1. Would you mind telling me the antiparallel percentage of the DSSP bridges in the protein assembly as shown, rounded to 5?
2. Shielding by partners for B:99-111, please: the mean number of other protein chain Cβ atoms within 10 Å of each residue's Cβ.
3. Where does chain A land on Rg(C-alpha)/(2.2 N^0.38 Å)?
4. Counting partner chain Cβ atoms within 10 Å of every residue's Cβ in B:62-75, what's the average?
5. For the protein assembly as shown, what is the Kirkwood hydrodynamic radius in Å, using each pair of distinct C-alpha atoms?
6. Given only helices, namely DSSP H runs of n ≥ 4 each adding -39500 (n - 2.57), what is the per-residue ellipticity at 222 nm of the protein assembly as shown, to the nearest 500 deg cm²/dmol?
7. Mind sorting A:ARG27, B:ARG118 by how few other Cβ atoms lie within 10 Å of their own Cβ, fewest first?
8. Quick check on my link table: of B:LYS58/B:LYS105; B:LYS105/B:LYS255; A:LYS23/B:LYS161, which ones sit more than 30 Å apart, alpha carbon to alpha carbon?
Amino acid sequence: MNPAASLRRIGALVLRHMYLLRKSWPRVISLAYYPTVTMIMWAFITVYLAPTNNVLSDAPGFFIGAVLLWDILFRGQLGVSLSFFEEMYSRNLGNLFVSPLRPWELIAGQLVMSVIRTVIGVGGAALVAWLLFRYSIFSMGFPLLAFFVNLIVLGWAIGLAVSGMVLRWGLGAEELAWAAIFLLAPVSGVYYPISVLPDWLQWIAHAVPASHVFEGMREVLLRHTFSFDLFFTALGLNVLYMIAGVSVYLLAIRHARERGMLLQMGE
Amino acid sequence: MPIRLSIVPTAIATPVPAVIVVENLVKRYGEVQALTGISFAVRRGTTTALLGGNGAGKTTTLSILLGVLLPTSGAISILGEDMLRHRHRVLPRMNFTSPYVDLPKRLSVRENLTVYARLYGLRDARARIRELADELQLGDFLDRGYGTLSAGQRTRVSLAKALLNRPEVLLLDEPTASLDPDVGDRMRSYLEAYQRESHCTMLLATHNMGEVERMCTDIVMLRGGLVVDRGAPAELIARYGRDNMEQVFLDVARKRPDADEEETG
């Protein structure tokens, strides 16, 4: 294996998606549009509740930080899934799979695109948060990087699993891309602590890496401490999720190669 | 004492080596037998046609050769490599074109070719794209979106993509489909010239019998996942007592009883 050749092929895949983004401003705007609108809504809820709520008066960025972090997870997942769907929409999978591109390079290209889309989407919303509400997500300091890594990796794992399922069952399963992440929302404790959930649901929540990230976020915002325990628990779980996501994806590619679907896949 | 070189006419003494070797290839989809142990070889620098009616197994065979379909059993060697185990060693040295596999429609022709030039690791992508644009007459629409092109223009772009890496093995699935006779003829001439110059080995799946007679040195005829006959075009035409490959094809596809005696499976 030649690392330079691999990097060049990953770069080619990223270039293909960048060409697409560059010529479609509505696409770029839509990346930031939803996170920004959601952030603005939570910011006004904060303005409304802060005078009567201790948590919000102590940490006015509580909801805005939460919504921006949640969008790292959401955009991270969509970034992986949508890059894959683009290849299916354009019936390009056949050409890609007969090229020297290896499956892991395809995955790497999707992950790079996920980071680019997330930075555009969440970065845009974060900028608006600072301009309109004087809230800087960077005020979290170093922990922000830890949260970002854990959330985007979870997004990648789900995005790869969704891509695999769409490859397995066709574009009819595309809705999964939008629905999958929302299934995790109630047990991720984005806006409330996990302790408010019923006991049985707390067990499920503890198995979701995002719940440890958002618990960690509350530690930082309310108690100004960074919990390494929560960080490493999330990281450990993410390793398992990533193994599962990559496995589902590679199994779906294997299945597609057994059924001869790669040359036929398309809209 | 000066070394004396013995002059051996190697080109005559040594048979042209096979670049593609398919042995006992079987593909089953559940109960459906798509390929039933087919074997054939394609010699270096020649063009072999895979002929057969719809469902005969041509696309299945091409897909397995490309590595996008896994066989149930059998062996494939391309350029001396075991394709089932080391296909990524061979893929940079081969390429493929089919009117049924698209390129991203929102990207321009130039952008698409640039992406694939990088995927194939070309050192001077711009020069190669310029060269192919001249040779395949893509210049007028190089900066237009691939999705805005006519079917014939797309076929030419797809061919350009297939030639980007100067492949040693080229798999062609109906390479001149959708082209008018004039452009089709130019493309065939181009492929013939490319083969003369590069000694590229080509495997062609087509329903255009004129193309087969003109371009192919060998033919493998498939029916129902079996190799039912093989030979040079002139040989087959003579054997079936016909005037052209179109008539031979019809004999085989319509399973004329005396054609069955030729089955080689």
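Just so you know, all these numbers are worked out from the coordinates, no wet-lab data involved. The model shown is predicted, which means the values in this text are computed figures rather than measured ones. As a convention, Cβ positions derive from the backbone with ideal geometry for all residues, glycine included, and neighbour counts pool all protein chains shown.
1. Numbers: 22 of 39 bridges.
Percent antiparallel among DSSP bridges in the protein assembly as shown is about 55.
2. Values: counts 0, 5, 13, 9, 5, 11, 4, 8, 8, 2, 0, 1, 7.
Mean shielding count: 6.
3. Working: Rg = 19.4 Å, N = 267, 2.2 N^0.38 = 18.4 Å.
Here the Cα radius of gyration is 1.05 times the empirical estimate.
4. Values: counts 2, 8, 2, 1, 5, 4, 13, 8, 7, 1, 1, 0, 0, 0.
Going residue by residue through B:62-75 and averaging, the value is 4.
5. Numbers: mean 1/r = 0.0382 Å⁻¹.
After inverting the mean inverse Cα-Cα distance, the result is 26.2 Å.
6. Numbers: 22 runs with 307 residues, N = 532.
For the protein assembly as shown, the value works out to -18500 deg cm²/dmol.
7. Values: A:ARG27 15, B:ARG118 20.
The order, fewest Cβ neighbours first, is A:ARG27, B:ARG118.
8. On the way: B:LYS58/B:LYS105 27 Å; B:LYS105/B:LYS255 41 Å; A:LYS23/B:LYS161 22 Å.
Exceeds cut-off: B:LYS105/B:LYS255.
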